[in-house]
1. Any residue that is closer than 26 Å to T105 by Cβ, at pLDDT below 70 and open to solvent by 90 Å² or more (accessible area, probe 1.4 Å) - is there at least one of those in segment 10-25?
2. With respect to T66, determine if the residue is open to solvent by 70 Å² or more (accessible area, probe 1.4 Å) and at pLDDT 90 or above.
3. Determine the pairs where a residue that is surrounded by 10 or more Cβ atoms within 10 Å (Cβ to Cβ), located within segment 71-87, has a partner that is assigned to a loop (DSSP other than H, G, I, E, B) and at pLDDT below 80 with Cβ atoms under 7 Å apart, the partner being 6 or more residues away or on another chain.
4. Can you tell me which residue among I54, I39 is in a helix (DSSP H, G or I) and at pLDDT below 80?
5. For T95, all conditions in the list (1) at pLDDT 85 or above; (2) open to solvent by 50 Å² or more (accessible area, probe 1.4 Å); (3) outside any helix (DSSP H, G or I) hold save one; what is the number of the exception?
Amino acid sequence: MIDYALRRRFSFVEMESAFASESFKEYQASLISPTFDNIINLIIKLNDDNMYQIFTYVKNYDKSNTGNVSGILLYAKTDETVLPDEKPFKIGGNTFSVKTLDLNTEFSEISNQLNEIIKFI
């Protein structure tokens, strides 16, 4: 799934999420589902098109809703004081994580970081 998502990433056409559209709001209200509302609110809170994209990949891959498919957003580490390194969290029964990777180091250390990140899967 990770390899597929990375390869597909470069063939996507940029699209805006429709969470703010009236038709989506009407659809969401018609569901009367606190779980769905929480999922949408979390995606909006993260304010990240990448989160929406990985959520879509995972949910489409996990068609049977087994929860056995996970998603990771991996960003290059910067000098920002606040980093998006989150503990894994669940959305809609699937596990997601947001991590950073320090690319300003030797390859062996990058490899170690990736091995630590992948343990969550």
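The values are calculated or read from the model by the stated rules, or taken from the named source; none is laboratory data. All figures in this text were calculated on a predicted structure; none of them were measured in a lab. For neighbour counting, all protein chains shown are included, and Cβ atoms are generated from backbone atoms with ideal geometry for every residue, glycine included. We work out accessible area using only protein heavy atoms, side chains counted, and drop any ligands, DNA or RNA first. Shrake-Rupley method; radii C 1.70, N 1.55, O 1.52, S 1.80 Å.
1. yes
2. Yes; evaluated as a whole, the condition is true for this residue.
3. From residues that are surrounded by 10 or more Cβ atoms within 10 Å (Cβ to Cβ), the pairs are Y75/P84; K77/L83.
4. I39
5. Among (1) at pLDDT 85 or above; (2) open to solvent by 50 Å² or more (accessible area, probe 1.4 Å); (3) outside any helix (DSSP H, G or I), the lone unmet condition for T95 is (2).
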